[in-house]
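The numbers here are math on the coordinates, done by the rules we state, and not lab data. Note that this is a predicted model, so its numbers are computed, not measured. Cβ coordinates were reconstructed from backbone atoms using ideal geometry, including for glycine residues, and neighbour counts include every protein chain displayed.
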Amino acid sequence: MDKMLKPVGIAGTGRCLPERILTNFDLERMVDTSDEWIVSRTGISERRISDAGTATSDLATEAAKKAMEDAGITAGEIDVIIVATATPDMAFPSTACIVQSNLGALQASAFDVQAACTGFIYGLSIGEKFISTGDAKNVLVIGAETLSKICNWEDRSTCVLFGDGAGAAVLREAPKDSGIIATLLGAEGWKGQYLTLPAGGSRMPASIDTVKSGKHFIHMDGGEVYKFAVGVMPQATLGVLEKAGLSLDDIDLLIPHQANKRIVDSAAKRLGIPQDKIFMNLSRYGNMSSASIPVALDEAVKHGLVKNGDNLVLVGFGAGLTWGACAIKWSK
Ligand code: UT7
């Protein structure tokens, strides 16, 4: 790392999950599916679903408050708020601006990042640069989603996969030789058609027809996204390790995007990383897109699985198609 740049670490984390649990057995009564199919094909047993009056910014705000408390900072000390989300409250204002207002973080700049499930890693990479260059002291990075609002609850091929939640992290200058060691981001925009929400933007403005034909719901070619994921997860992990000057043996904990247990198992096998070095909470929450990695990080830290000096690798993929990874030497 350039000597002029400050090291940047995670000073606090937090999460917010809606209380309502939707199990695979509940889904059996809604669509033609089974607990056996969902568990064996994905590893998911249940997911959290927000109620009708809850928006993404509500979950994001609660997760942010917990991360700020964990980091020991007040709203007035936040310089930048970055919200990674594919389910913003609305097209504008940004969800980050709504969170700013909720928190009363009057000094902060605020904006959203759209990199779908990879969004939190994109947000970390951007936030790190604000601090390393001296432009900011405290940056709040949040991954928050209410995917239940864009699921077609009659489409068994997608509705069983997703859940709602939010995770947050406060970034701050870290002690020398610790914190974020490297981030690596990528995108393959020419594969974008494999995972889309087609309507409601400038290409296909909302109309009665777009609503009637279900164009405001998630559309996915699961097989193509699966193929992309099993290739890119090991590739991104190896790439970020190389950039960080670390080897596979140096990893103490891998926190992957929680989309499908078979994808994570395949990546782990290709890399030769044992199961006990991989944090999983997919069975309880399903795929929470940009919230999946920060919620997993917060759980891993709060469950005492991460100690100072440990090397963590966060790695994800998602719509775009996008991918990203981040290597961190933990210090808090
Ligand atoms: O964050 C990024 C988001 N996306 C992903 O990570 C998705 C990546 N892809 C996947 O995880 C997998 O492709 C899925 C879990 C989506 C699907 O698993 P699969 O093993 O690729 O199943 P498939 O799509 O090949 O479907 C196999 C069969 C089909 O029936 P037929 O044509 O063989 O008769 C489907 O119609 O399973 C059927 N099926 C279901 N059956 C029961 C699809 N969804 C369901 C369901 N319950 N929920």
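Label-to-label distance, N102 versus Q114, with points set 7 angstrom from Cα along the beta-carbon direction: 2.0 nm. Over all alpha-carbon pairs in segment 96-180, figure out the percentage whose distance exceeds 22 Å. For segment 96-180, the share of Cα pairs beyond 22 Å comes to 38 percent.
Taking the square roots of 5 times each eigenvalue of the Cα gyration tensor of segment 31-81, largest first, gives ellipsoid semi-axes of 36, 14, 8 Å. When the Cα centres of segment 215-250 and segment 11-60 are compared, how far apart do they sit, in Å? Here the answer is 23 Å between Cα centres. Taking a point 7 Å out from the Cα of I21 in the direction of its Cβ, the residues of segment 140-166 whose backbone N falls within less than 20 Å of it are 147-148, 160-166. Peptide packing for 242-252, 94-104, 136-146, 109-119 was compared via the average number of neighbouring C-beta atoms within 10 Å per residue; ordered from the highest value, the list is 136-146, 109-119, 94-104, 242-252. Taking a ≥ b ≥ c as the square roots of the eigenvalues of the alpha-carbon gyration tensor, segment 12-58 is classed oblate because a/c is 1.5 or more while a/b is no larger than b/c. Restricting attention to segment 70-189, close to 45% of DSSP beta bridges with both partner residues there are antiparallel. Residue ranges 147-154, 253-260 sort as 253-260, 147-154 when ordered by packing (mean number of other C-beta atoms within 10 Å per residue, highest first).
Subtracting the Cα-Cα distance of M90 and E224 from their residue separation scaled by 0.36 nm leaves 45.4 nm. Between R203 and R270, full extension at 0.36 nm per residue minus the direct alpha carbon distance yields a gain of 20.2 nm.
Legend: Rg and Dmax of segment 1-143, from Cα coordinates, 17.9, 59 Å. Taking the DSSP beta bridges with both ends in the chain, the antiparallel portion is around 70 percent. Spacing of the modelled spin labels on K176 and W37, each 7 Å from Cα toward Cβ, amounts to 5.9 nm. Suppose R0 equals 41 Å; then what is the FRET efficiency for K137 and A187 from their Cβ-Cβ distance, rounded to the nearest 0.05? Here the calculated transfer efficiency is 0.85. Dimensions of the chain from C-alpha coordinates, computed as largest minus smallest value along each principal axis and given longest first, are 56, 47, 37 Å.
Once the chain from D249 to M30 is taken as fully extended at 0.36 nm per residue, the excess over their C-alpha distance is 74.4 nm. When you count the other C-beta atoms within 10 angstrom of each residue and take the mean per peptide, 159-165, 300-306 line up highest first as 159-165, 300-306.
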